[in-house]
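The values are calculated or read from the model by the stated rules, or taken from the named source; none is laboratory data. In this text, all values refer to a predicted model and were calculated from it rather than measured experimentally. As a convention, Cβ positions derive from the backbone with ideal geometry for all residues, glycine included, and neighbour counts pool all protein chains shown. Keep in mind that these areas ignore ligands, DNA and RNA; they rest on the heavy atoms of the full protein, side chains included. Shrake-Rupley method; radii C 1.70, N 1.55, O 1.52, S 1.80 Å.
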Amino acid sequence: MSVVHIVLGSPDKQNILPEKNLEDIYVGVDRGGLFLVEKGYTPDLVLGDFDSITEQEKRLIENNAQKVIPFKPEKDDTDAELSLVYAEKLFDVEKIYLYGWAGGRIDHLMSTLMIPLQPRFEQLVSKLIFVDQTNSIHFYSSGEYSVQQETDKQYCSIIGLTPIEEMTIGDGFKYTVSDTNYDYPIALISNEFIEPHAYFSFKKGLIAFIQSRDNTI
């Protein structure tokens, strides 16, 4: 199984790029493909409608990527959605890291963050990890979980993307709740770890678990 790194094209000042690993898969999405090529990566796949780059930049991508899949701007899926469709179709996915997802247009950001709510991506939800300089986002469906604090992150938040049944935020967290129902999506933000590992569980729903730190740059 492969770790897949998907670099989106958002003008994110907090964007980071993945480390280079010969065993991993690198996917550029529209301008994200240009980011990879300019930094010396050889993308396994670049796709998109390429409406944010010049013809010269597109040729640079075509000359350096293993595979390029162009799409017309008039399409039903966003480029980010298409990157997940093709990642699942072409690769044996273990984890998918997404980069370059913030900054720029707020509608693009909202659309990307709502991808885990789409039923067609249900099998990928637990494999998705959004990362930038100061944040990481994992997604969880109902169950019991132990999560580890990232050493450079101070805060953690549980964001209900749906109503949540019987939420318990337990040992290892500074602020706890027990068997609490939320009839609407709720943001339980600015919690903290008091142990290296912490535990939460819930019976029904979908959440985003965010670890973050203040941007001191």
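What number of residues within the stretch 26-43 satisfy the criterion of being closer than 15 Å to ARG105 by Cβ and open to solvent by 50 Å² or more (accessible area, probe 1.4 Å)?
The number of residues fulfilling the criteria is 1.
Restricting the first residue to the stretch 169-193 and requiring it to be at positive phi, which pairs with a second residue that is outside any strand (DSSP E or B) meet a Cβ separation below 7 Å and a spacing of at least six or different chains?
Every condition considered, the pairs that remain are GLY172/ILE194; GLY172/GLU195.
Hey, among GLU19, GLU74, GLU23, GLU62, which residue is surrounded by fewer than 18 Cβ atoms within 10 Å (Cβ to Cβ) and not in a loop (DSSP other than H, G, I, E, B)? Let's see the steps before the verdict.
Values: GLU19 fails: not in a loop (DSSP other than H, G, I, E, B); GLU74 fails: not in a loop (DSSP other than H, G, I, E, B); GLU23 fails: not in a loop (DSSP other than H, G, I, E, B).
Matching residue, one of GLU19, GLU74, GLU23, GLU62: GLU62.
Assess whether ASP152 counts as being among the charged types (D, E, K, R), open to solvent by less than 20 Å² (accessible area, probe 1.4 Å), touching a residue at least 24 places away in the same chain (Cβ under 8 Å) and closer than 25 Å to ILE189 by Cα.
It is false that ASP152 is among the charged types (D, E, K, R), open to solvent by less than 20 Å² (accessible area, probe 1.4 Å), touching a residue at least 24 places away in the same chain (Cβ under 8 Å) and closer than 25 Å to ILE189 by Cα.
Considering only the stretch 123-146, I want to know if a residue exists there that is open to solvent by 60 Å² or more (accessible area, probe 1.4 Å), touching a helix residue (DSSP H, G or I) at 6+ places or on another chain (Cβ under 9 Å) and in a strand (DSSP E or B).
Checking the stretch 123-146: at least one residue is open to solvent by 60 Å² or more (accessible area, probe 1.4 Å), touching a helix residue (DSSP H, G or I) at 6+ places or on another chain (Cβ under 9 Å) and in a strand (DSSP E or B).
For the stretch 39-55, give me the residue count where each residue is at pLDDT 95 or above and outside any loop (DSSP other than H, G, I, E, B).
Looking only at that region, the number is 3.
For the stretch 196-217: of the residues being touching a residue at least 40 places away in the same chain (Cβ under 8 Å) and exposed (fewer than 15 other Cβ atoms within 10 Å of the Cβ), which is nearest to GLU122 (Cα to Cα)? Break it down into steps so the answer makes sense when it comes.
Just the residues of the stretch 196-217 that are touching a residue at least 40 places away in the same chain (Cβ under 8 Å), to begin with: 196-215, 217.
Keeping just the survivors that are exposed (fewer than 15 other Cβ atoms within 10 Å of the Cβ) gives 196-197, 203-204, 213-215, 217.
On the way: PRO196: 29, HIS197: 26, LYS203: 17, LYS204: 14, ARG213: 29, ASP214: 31, ASN215: 32, ILE217: 36 Å.
Out of the qualifying residues, it is LYS204.
For residues that are aliphatic (A, V, I, L, M) and crowded, with 20+ Cβ neighbours inside 10 Å, scanning just the stretch 99-122, find the one that is modelled with the highest pLDDT.
Applying the filter and picking the extreme gives ILE115.
Determine whether the stretch 72-87 contains at least one residue that is small (Gly, Ala, Ser) and free of Cβ contacts under 8 Å to residues at least 60 places away in the same chain.
No, the conditions are met nowhere in the stretch 72-87.
Just to be sure I understand the filter: pairs with C-beta atoms under 7 Å, separated by 6 or more residues or on different chains, first member in the stretch 45-63 and without any contact (Cβ under 8 Å) to a residue 40 or more places away in the chain, second member open to solvent by 20 Å² or more (accessible area, probe 1.4 Å) and part of a strand (DSSP E or B). Which pairs pass?
Pairs found: VAL46/VAL68; LEU47/ILE69; PHE50/PRO70; ILE61/VAL68; GLU62/VAL68.
Applying the selection to the stretch 161-195, what residues are among the acidic types (Asp, Glu) and open to solvent by 70 Å² or more (accessible area, probe 1.4 Å)? Before the answer, list the steps.
Quick first cut of the stretch 161-195, residues among the acidic types (Asp, Glu) only: 165-166, 171, 179, 183, 192, 195.
Hits for the stretch 161-195 are GLU165, GLU166, ASP171, ASP179, ASP183, GLU195.
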